[in-house]
1. Out of (1) within 17 Å of Ala19 (Cβ to Cβ); (2) buried (at least 18 other Cβ atoms within 10 Å of the Cβ), the odd one out for Asp170 is which?
2. Which members of region 99-117 meet the condition of being of a type outside the set (A, V, I, L, M, F, W, C) and surrounded by 14 or more Cβ atoms within 10 Å (Cβ to Cβ)?
3. Inspect region 220-241 for any residue being over 29 Å from Tyr36 (Cα atoms) and in contact with an Asp or Glu (Cβ under 7 Å, 6 or more places away or on another chain) and give the result as yes or no.
4. Please tell me if Glu59 is more than 24 Å from Pro95 (Cβ to Cβ) and either of a type outside the set (A, V, I, L, M) or surrounded by fewer than 24 Cβ atoms within 10 Å (Cβ to Cβ) (or both).
5. Listed residues Ala154, Ala140, Ala111; which is closer than 20 Å to Val41 by Cβ and in contact with a Lys or Arg (Cβ under 9 Å, 6 or more places away or on another chain)?
6. How many residues are under 21 Å from Asp255 (Cβ atoms) and of a type in the set (A, V, I, L, M) if we restrict to region 307-347?
7. For region 274-297, give me each residue that is more than 30 Å from Thr61 (Cα to Cα) and either in a loop (DSSP other than H, G, I, E, B) or small (Gly, Ala, Ser) (or both).
8. Can you give me the ranges of the helices (runs of 4 or more DSSP H) entirely in region 168-241 with at least 2 residues that are at pLDDT below 90 and not assigned by TED's automatic domain parsing to the domain that holds Leu14?
Amino acid sequence: MNHEFVKRSDSKRLILIFAGWGMDANPFRHVSRPGYDTLVVWDYRDLSMDWSVVANYDEITLIAWSMGVYAASMTIHAIDHLITAKIAVNGTMTPVDNLHGIPEAIFEGTAATLDERNLRKFFRRMCGDRATTERFMLAAPQRPVGELVDELRAIYPEPWFANPKVSGWDRAIIGRQDAIFPACNQQRAWQGTPIVVLDRPHYIDLQEIADAYIIDKHQAAVCFDAGRPTYDANAPVQHAIVDALMADAARVKADKLIFSPGCVALEIGCGTGSLTRRLYPLTQRGFLHLWDTNTLPPEGFDKARFNQCDAELQICRTPSRRYDLIASASTIQWFNSPARFMAECLRVLRTRRIIKLSALQPGHMH
């Protein structure tokens, strides 16, 4: 596989794009998010990759498009522990399949007849309309047709299909108008994975996907810091959520657990201390750890241990069976993969212990 950084800085976060068949880095040079570098991978004639190029990153978010979904699932094993979110766009892990991918006859026909003229026709089908095609062609990939035929032949039929694939995708984005990977086949392939259906063709501008699903964590922290002095006076919903969390904690006797000697409790996203004020008195016979991206801990909790960190990353570095209770109020919506975070919480929790979480979603405040 080939790769190119289309955005590179001193950031510790990376957007990893697995492009579709026939692509290079050109169509994706504009894709970026504040606080992230961007690396594009393409050319699946050979699925080997030297992942040392991402060794300095703390967090990777994956966007795989079209044939890149299959290529990513086959090759990211070595870096999967760094990936917080996996987003599949108009592709499946079985790319040539009559029920779960591109129908075999269509794929074979494309490989058998590919030339410059048919490649342009493919791009038009991929883009769906003239305006989208014209925009795409302004940054079209620059690869010889013979190379693209070889890439098709390397993908199918070939022995990689027998190899294990990385799973655990956070969502599958499906274009209702996709004329390459039929939308009905994608929906069958992604049963059990959250699906988002868009009124789009096969080609979707990945900047739209990045904006929608990759969190600008730095900006979120900046905004919270700016509002910190007046937050408590203007957060009635947050206070109500804390009340509800604590009432439910009492129902399952979590308050008695926290009060027991030696209990180790963790609050994620302590902020100004709305939930901390309720947990702190219960932890005087044990330990309370506080995690937040803010540089300053909430005031008045001198016996609590504060750690400034990105909890979504820190939880992955935490030893297993470390905590008796994990609590968080309205924080995990700022994570790239709440599902993966929850799995890590279960790992670091001791047997028969408790997680108490709340999250806000679009429209929740309304």
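1. (1)
2. His100, Gly101, Pro103, Glu108, Thr110
3. No, because not a single residue in region 220-241 is over 29 Å from Tyr36 (Cα atoms) and in contact with an Asp or Glu (Cβ under 7 Å, 6 or more places away or on another chain).
4. It is true that Glu59 is more than 24 Å from Pro95 (Cβ to Cβ) and either of a type outside the set (A, V, I, L, M) or surrounded by fewer than 24 Cβ atoms within 10 Å (Cβ to Cβ) (or both).
5. Just a single option satisfies the conditions, and that option is Ala154.
6. So in region 307-347, the residues under 21 Å from Asp255 (Cβ atoms) come out as 322-331, 345.
Going one step further and asking which of them are of a type in the set (A, V, I, L, M), we end up with 325-327, 329.
The total comes to 4.
7. Ser274, Gln284, Arg285, Gly286
8. Passing ranges, in order: 217-231.
The values are calculated or read from the model by the stated rules, or taken from the named source; none is laboratory data. Remember, it's a predicted structure, so these values are computed and weren't measured experimentally. Don't worry about glycine lacking a Cβ; one is built from the backbone with ideal geometry, like all the others, and counts go over all protein chains shown.
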